[in-house]
């Protein structure tokens, strides 16, 4: 495959009009000019169906007085990469901010940040969504009265086997664990029900190691990464270590956002908003522990999200506050990021996915 389809979810508060598409030349890293693929309001997070035929986008809209205004939109992807709307369903809560598709392509799982629920929406054979088949409300609060006054489900991911779902809740300082029934589209609380991070850390996103033995959680409020050992049979996470995502001695304001394990399993990356960098770590293959390996400026402001191509050659960083998508080459030996000089303008980019 020479070219890779790239889709960018955005906030539509200023110049953006929805979801943008472009193509990457996998030999050179070059990008085509972005085109508007679908008009939508705040399609801030995207996920592609495992067949590559459909794309799903949250509508990160917020209501008041308990109104459930969040929704998920389904699109068909044409052979040329264009998007055609299929349908839209409620997300089961307010402010949906993250979603994932199970490995069989039967369900979309969504995290509703605003009201603290996670939900499952079954997918039909034609890619259309049905109403939520399972909605679970989180409860509790954390020590920060401004950001943790209640639950805030910030992401939901499945383990490699698709048996358990893990929801990072920023408001609770917990990674909630659920048994997942793909055939029935159901979530059920697990025992143990959660893994904890440090009080006030604010867990945001999670990435599994390709081996399935480890998982990594980036903590938005503390600007740290927590490494966990994963018991795939029991669905349990055990903390190994927590390391800073910022350079030693840096004292500016910062929050972290995305975390991603390299396809080789040798490196881990995390984005810093404020320091405006990608933190690079090496991963010990035996223990899963992390070692800091440097920081690469993203050449823009507020790197909200990033993607790595399937072969692990390129990293695409989305700088939300400078309207740019920037390409870096990944050093296969060290994991370091090398600027390529390749960048395109995308208004308020929030999420980058490839298909």
Relative packing of 267-280, 47-60, which averages over residues the other C-beta atoms within 10 Å, highest first: 267-280, 47-60
Calculated SAXS-style log₁₀ I(q)/I(0) at q = 0.11, 0.12 Å⁻¹ - segment 245-355, Debye, Cα scatterers: -0.31, -0.37
Rel. contact order, % - alpha carbon contacts under 8 angstrom, at least six apart, segment 86-227: 17
Calculated FRET value between residue 238 and residue 139, using beta carbons and R₀ = 30 Å, to 0.05: 0.80
Label corresponding to Kirkwood radius over Cα pairs in Å when calculated from the structure given, among [x] 23.2; [y] 20.0; [z] 21.6: [y]
Relative contact order %, the chain, counting alpha carbon pairs below 8 Å whose residues are six or more apart: 12
Alpha-carbon centroid distance for the pair segment 137-176 / segment 263-284, whole angstrom: 22
Shape category assigned to segment 188-243 from the gyration tensor of Cα positions, a/c cut at 1.5: oblate
Order by protection proxy (mean Cβ within 10 Å, highest first), peptides 245-258, 19-32: 19-32, 245-258
Cα-based shape type of segment 212-251, given that a ≥ b ≥ c are square roots of the gyration tensor eigenvalues and the cut on a/c is 1.5: prolate
Cα-based shape type of segment 94-207, given that a ≥ b ≥ c are square roots of the gyration tensor eigenvalues and the cut on a/c is 1.5: prolate
Theoretical gain in end-to-end length, residue 27 to residue 250 [0.36 nm per residue, Cα-Cα removed]: 76.6 nm
Relative contact order for segment 11-51, counting Cα pairs under 8 Å that sit 6 or more residues apart, in percent: 45
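Read-outs: derived from the displayed coordinates by stated rules, not from any lab. The shown structure was predicted, so the numbers you read here are calculated from the model rather than taken from an experiment. Here the Cβ is made from the backbone with ideal geometry for all residues, glycine too, and neighbour counts use every protein chain on show.
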